[in-house]
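Novice: Pasting in a structure now, in structure tokens, and then I'll have a few things to ask.
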Amino acid sequence: MSTKSEKSIADSLEVKKQLLPHIPFLLQDLWVLGSSIDQIIEIVGSLKSLCPLTKILDLGCGKGAVSIRLVARYGFHAVGIDAMTPFLEEAEKKAAEYKVSHLCQFINQDIHEYVSNDHDYDLVLLASLGGIFGSFKNTIAKLRTQIHLGGFMIIDDGYLRKRNHLNRKGYGHYKNYNNTIRELTFFGDQLINQVDTSAVSKDINVEYLSLIKRRGEELILKHRELEKDISDYIHLQEEECDVLKNEIEGASWVIRKD
Ligand SMILES: C[S@@+](CC[C@H](N)C(=O)[O-])C[C@H]1O[C@@H](n2cnc3c(N)ncnc32)[C@H](O)[C@@H]1O
């Protein structure tokens, strides 16, 4: 893995680079790594033009939870891109468990590199990747290159409830609602659905945090030298839960490329 990919992954998981090799251990109890999976499955189901031949692209697919559940439910073909090898291995196992291996392909690649080439998918998903492509406007500009005209982009993220800027690492792309929608539709695309995800994510985040904390304690017993890094990581996760609860309204958006 290149240093750039390593940094991007560490940022997306809010972890210091030296803790990255231990992330599979810390996150072993989670399949979904932050996205509002049930809401995404529901909104995709409401897109009438999609059929079993639909090809979806899941950027930063993690352990493949979102694509595998979509494929299992609707029979799509999915390509998932991630640069974290242990997550992709888990995705392959899960695809086999759900009996959809023949419909899923998981590629070990940096997503910046993957999207530097145009593609022709019916739907592209960016779930829980925050501002990996910068502002929402830049994100849409990238996602548009991955689908054909009339194809769909699904972003699972959120917007700021009160302010128009948040001074926290990895949160620079967040804006208030009106500015977020303005950026999402900057290129003249149609916002065709929006689902509020705050209520569900709040409970899920608390549950995930307790699982991560338990694994963190186990890891400290085995690696005393990592105690500070692990405590810092857990502290950041707690802080993130608070920020998500108090500052950010979670939302999943479906945008059609027009
Ligand atoms: C918060 S997780 C979300 C995973 C998945 N979408 C989900 O909700 O379960 C972010 C994922 O993006 C991946 N990632 C971050 N930066 C990446 C990059 N530059 N190239 C490939 N994968 C990346 C990480 O490895 C991680 O699996």
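Novice: Regarding the range 83-98, can at least one residue be identified that is polar (S, T, N, Q) and within 13 Å of the ligand (Cβ to nearest atom)?
Specialist: We begin by selecting, within the range 83-98, every residue polar (S, T, N, Q); these are 85.
Checking the rest, the ones that are also within 13 Å of the ligand (Cβ to nearest atom) come to 85.
Looking through the range 83-98, at least one residue is polar (S, T, N, Q) and within 13 Å of the ligand (Cβ to nearest atom).
Novice: Do you know which residues across the range 40-72 are within 12 Å of the ligand (Cβ to nearest atom) and of a type outside the set (A, V, I, L, M)?
Specialist: Asp58, Gly60, Cys61, Gly62, Lys63, Gly64, Ser67, Arg69
Novice: Which ones in the range 100-127 are outside any strand (DSSP E or B), among the aliphatic types (A, V, I, L, M) and farther than 13 Å from Ile68 by Cα?
Specialist: First, the residues of the range 100-127 that are outside any strand (DSSP E or B): 100-103, 109-120.
Checking the rest, the ones that are also among the aliphatic types (A, V, I, L, M) come to 100, 103, 111, 115.
Result: Ile111, Val115.
Novice: Looking only at the range 150-162, decide whether some residue is outside any strand (DSSP E or B) and either under 22 Å from Cys241 (Cβ atoms) or not small (Gly, Ala, Ser) (or both).
Specialist: Taking every residue of the range 150-162 in turn, at least one turns out to be outside any strand (DSSP E or B) and either under 22 Å from Cys241 (Cβ atoms) or not small (Gly, Ala, Ser) (or both).
Novice: While we're on this one: Kindly establish whether Ile132 is more than 20 Å from Ile68 (Cα to Cα), hydrophobic (A, V, I, L, M, F, W, C) and assigned to a helix (DSSP H, G or I). Explain how you work it out, then say what you get.
Specialist: Details: more than 20 Å from Ile68 (Cα to Cα): yes; hydrophobic (A, V, I, L, M, F, W, C): yes; assigned to a helix (DSSP H, G or I): no.
So Ile132 fails the test.
Novice: Further question on the same structure: Select, from Val32, Val15, the only residue that is within 9 Å of the ligand (Cβ to nearest atom), touching a residue at least 24 places away in the same chain (Cβ under 8 Å) and of a type in the set (Val, Ile, Thr).
Specialist: Values: Val15 fails: within 9 Å of the ligand (Cβ to nearest atom).
Answer to the selection: Val32.
Novice: Looking at the range 179-204, which of its residues are under 20 Å from Lys162 (Cβ atoms) and either free of Cβ contacts under 8 Å to residues at least 40 places away in the same chain or β-branched (Val, Ile, Thr) (or both)?
Specialist: Step one: filter the range 179-204 for residues under 20 Å from Lys162 (Cβ atoms), giving 179-184, 194, 196-199, 201-202.
Matches in the range 179-204: Asn179, Thr180, Ile181, Arg182, Thr197, Ala199.
Novice: For the range 3-10, does any single residue satisfy the condition of being more than 9 Å from the ligand (Cβ to nearest atom) and loosely packed, with under 14 Cβ neighbours inside 10 Å?
Specialist: Checked against the condition, which is being more than 9 Å from the ligand (Cβ to nearest atom) and loosely packed, with under 14 Cβ neighbours inside 10 Å, the range 3-10 yields at least one hit.
Novice: Still on this structure, please answer the following. Of all the residues that make up the range 43-59, how many are of a type in the set (Gly, Ala, Ser) and in contact with an Asp or Glu (Cβ under 6 Å, 6 or more places away or on another chain)?
Specialist: First, pick out the residues of the range 43-59 that are of a type in the set (Gly, Ala, Ser): 45-46, 49.
Then drop every residue that is not in contact with an Asp or Glu (Cβ under 6 Å, 6 or more places away or on another chain), which leaves none.
Here the count works out to 0.
FYI, it's all coordinate maths here, none of it is from the lab. This one's a predicted model, so the numbers in the text were calculated from it and none came from an experiment. Don't worry about glycine lacking a Cβ; one is built from the backbone with ideal geometry, like all the others, and counts go over all protein chains shown.
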